[in-house]
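Student: What follows is a single structure, and I will ask about it in a moment.
The values are calculated or read from the model by the stated rules, or taken from the named source; none is laboratory data. As the structure is a prediction and not an experimental result, all values here were calculated from the model. Here the Cβ positions follow ideal geometry from the backbone for every residue, glycine too, while neighbour counts run over all protein chains shown.
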Amino acid sequence: MPYYVYVILCDDGSFYTGYTKNVKSRLRLHINGKGARYTRMHKPKGIVYTEQFESRAEAMKREKRLKKLGHQQKRRLVKLQSSKKDKRKTNVSRITRSPRSENCRKDHSDTGSQR
């Protein structure tokens, strides 16, 4: 079973980093005040970053490295992952109308043009 390292953005703009087997249930614990002491004092808004690992040891090592990063470095990490997700969403080809319609519009992301 995989392990995950996650970063939570808190209401005050701070970050909390941890590891878990189940990100959704762990976030619920943090939100309900049953997670870490830090997230009881700094209310979590949501998960802003995740990484998946094959073993607990790998996840724990990565968590330790992430906890050593400064606030700005974590912000860049979060921004980098979110921009990668945005690119994956825009690369999806879609047809907005029936191909038989004279007003058929296609996404031309494979030709390099953007709409």
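Student: Could you please find all residues in the stretch 6-58 being closer than 22 Å to LEU80 by Cα and touching an Asp or Glu at 6+ places or on another chain (Cβ under 7 Å)?
Tutor: THR17, GLY18, TYR19, LYS45, listed by residue number.
Student: Right, next: Would you call GLY112 crowded, with 17+ Cβ neighbours inside 10 Å and either in contact with a Lys or Arg (Cβ under 8 Å, 6 or more places away or on another chain) or modelled with pLDDT under 95 (or both)?
Tutor: In short, no.
Student: Then there is this: When the stretch 21-49 is examined, which residues are found to be surrounded by 13 or more Cβ atoms within 10 Å (Cβ to Cβ) and either touching a His at 6+ places or on another chain (Cβ under 6 Å) or in a strand (DSSP E or B) (or both)?
Tutor: Correct list: THR39, PRO44, LYS45, ILE47, VAL48, TYR49.
Student: Are any of the residues in the stretch 3-20 part of a helix (DSSP H, G or I) and hydroxyl-bearing (Ser, Thr, Tyr)?
Tutor: Pass one, the stretch 3-20, residues part of a helix (DSSP H, G or I): none.
No, there is no match, as no residue in the stretch 3-20 is part of a helix (DSSP H, G or I) and hydroxyl-bearing (Ser, Thr, Tyr).
Student: Is there a residue being modelled with pLDDT under 95 and over 18 Å from the mean Cα position of the chain (by Cα) anywhere in the stretch 1-9? Walk me through it before giving the result.
Tutor: First pass over the stretch 1-9, keeping only residues modelled with pLDDT under 95: 1.
Still in the running and over 18 Å from the mean Cα position of the chain (by Cα): 1.
Yes: one or more hits.
Student: If you check LEU66 against the conditions, is it in a helix (DSSP H, G or I) and buried (at least 17 other Cβ atoms within 10 Å of the Cβ)? If you could, list the steps in order and put the result at the bottom.
Tutor: Working: in a helix (DSSP H, G or I): yes; buried (at least 17 other Cβ atoms within 10 Å of the Cβ): yes.
Yes; evaluated as a whole, the condition is true for this residue.
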